[in-house]
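J.: The structure that follows is given in the form of structure tokens.
The values are calculated or read from the model by the stated rules, or taken from the named source; none is laboratory data. Given the structure is predicted, the values throughout are model-derived calculations rather than measurements. Reconstructed Cβ throughout: ideal geometry from the backbone, glycine too, with neighbour counts over all protein chains shown. Side chains are part of the model used for accessible areas, which takes the heavy atoms of the whole protein and leaves out ligands, DNA and RNA. Shrake-Rupley method; radii C 1.70, N 1.55, O 1.52, S 1.80 Å.
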Amino acid sequence: MSMDLVRRLKEAVIAGDRDEAVKIAREVVDKGLDPLEALERGLVAGVLEVGEKWIKEEVFLTDVVMAADAMKAASEVLRPEIVKRGGVVKKLGKVVIGTVAGDIHDIGKSLVALMLEASGFEVIDLGVDVPTETFVEKVRELKPDVLGLSALLTTTMLEQGKVIEALKREGLRDEVKVIVGGAPVTEEWAKSIGADGYAEDAIRAVRLVKKLLGLEK
Ligand code: B1M
């Protein structure tokens, strides 16, 4: 992959320039370059850099929103290519994923969904701010192998525990593996709420799902 393209992609995200990011993502696809590398080293790296600047109060929240928007628009351009290159036709399993109630962070969750899809899983993404009862209804209705709960706030990660409790109340807990993640989430937290697994990032989330479904050691 030409480093120049990756650099330009990252810069477009940092500048919150959605049109430029989409244009460069199209160039990546047209040139048959590695869409995954463009995603990870261009788009995600750009959002994280803006995020770090925001935490250091060097940029405003609006800059973060614009970077996130540019990243998501460009990742939609890369997505079909990523899934196509994943090449796996047979679905390895069904995953329902969403960001919990009260939380509208979706970049990480969408990245996990994208990587699972690219790895051959059927992924149903419920979006953000998903009420507990919706997670429970979708487990009952869609019978997924895995339910993924993303939370980015210390306040909203409590919802992950509430979803697990609701699954128990409804007699559905043993029907599905529950995995959790998001910046404030930890292995200890996952264990304390009775989740089946925790992953620090999207790549490890794919490995975790494969392990839980016995597809990988
Ligand atoms: Co907000 N936000 N944000 N934010 N935001 C954080 C999370 C924060 C840590 C920044 C900070 O202050 N340090 C902080 C939370 C503090 C805390 O509670 N611990 C925070 C805050 C306070 C807020 C608001 C309250 C700000 C405000 O309005 N005052 C507000 C809350 C809105 C709400 O949700 N109700 C808010 C809003 C926003 C935006 C909407 C502007 C925007 C999100 C845009 C969008 O998602 N479309 C935003 C962003 C971008 C961030 C930061 C800068 C970056 C998050 C991100 O996208 N990272 C973030 C600071 C930070 O985390 N560095 C921050 C990139 C992404 C690829 O990483 O999401 O961690 P991440 O996902 C990773 C892993 O976590 C993991 O894999 C992913 C890919 O590698 N993973 C999973 C994620 N989900 C997983 C699920 C899994 C497995 C792995 O299994 C199911």
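J.: Provide the per residue accessible area, probe 1.4 Å, for the chain, rounded to a whole number of square angstrom.
T.: 50
J.: Along the Cα→Cβ direction, 7 angstrom out, place labels at Ile203 and Leu61. What is the inter-label distance in nm?
T.: Output for this residue pair reads 3.3 nm.
J.: For the stretch 94-212, what relative contact order do you get, as a whole percent, if you take Cα pairs closer than 8 Å and at least 6 residues apart? List each step's numbers first, then the result.
T.: Working: 228 pairs, mean separation 33.0, N = 119.
Computed value for the stretch 94-212: 28 percent relative contact order.
J.: Considering only protein heavy atoms and a probe of 1.4 Å, how much of the accessible area of the stretch 82-157 is carbon and sulfur, as a whole percent? Walk me through the numbers before you get to the answer.
T.: Values: 1920 of 3210 Å².
So the carbon and sulfur contribution to the accessible surface is 60 percent.
J.: Between Lys53 and Glu216, what is the FRET efficiency for a Förster distance of 25 Å, r being their Cβ-Cβ separation, to the nearest 0.05? Write down the numbers at each step before the final one.
T.: Working: r = 37 Å, r/R0 = 1.47.
With R0 = 25 Å, the Cβ-Cβ based efficiency is 0.10.
J.: Full extension from Thr155 to Glu137: what is 0.36 nm times the residue separation minus their Cα-Cα distance, to one decimal in nm? Write out the running numbers ahead of the final one.
T.: Details: separation 18, 0.36 × 18 = 6.48 nm, distance 2.33 nm.
Gain on stretching Thr155 to Glu137: 4.2 nm.
J.: For the chain, what class follows from the C-alpha gyration tensor (a ≥ b ≥ c being the square roots of its eigenvalues): rounded when a/c is under 1.5, otherwise prolate if a/b is larger than b/c, else oblate? Walk me through the intermediate numbers first.
T.: Numbers: a/c = 2.27, a/b = 1.45, b/c = 1.56.
In terms of gyration-tensor shape, oblate.
J.: Right, next: Treating only the Cβ of Lys, Arg, Asp and Glu as charged (+1, +1, -1, -1), what charge dipole size does the chain show about its Cα centre? Round to the nearest 20 debye.
T.: Values: 32 positive and 39 negative charges, 174 e Å.
That gives a dipole near 840 debye.
J.: What is the chain's relative contact order, in percent, from Cα pairs under 8 angstrom and six or more apart in sequence?
T.: With pairs under 8 Å counted, the relative contact order is 16 percent.
J.: Which value at 222 nm does the chain reach when only helices count, each DSSP H run of 4 or more adding -39,500 (n - 2.57), with the total divided by all residues and rounded to the nearest 500 deg cm²/dmol?
T.: Numbers: 9 runs with 114 residues, N = 217.
Value at 222 nm, helices only, nearest 500: -16500 deg cm²/dmol.
J.: Among Gly171, Gly98, Gly108, which one moves the most in a GNM of the chain with springs linking Cα atoms closer than 10 Å?
T.: Checking each option, the largest mean-square fluctuation is seen for Gly171.
J.: When the accessible area of the stretch 23-72 is computed with all protein chains present and a 1.4 Å probe, what percentage of it is carbon and sulfur? Don't skip to the answer; put the middle values down first.
T.: Details: 1730 of 2860 Å².
For the stretch 23-72, the apolar C and S fraction of the accessible surface comes to 61 percent.
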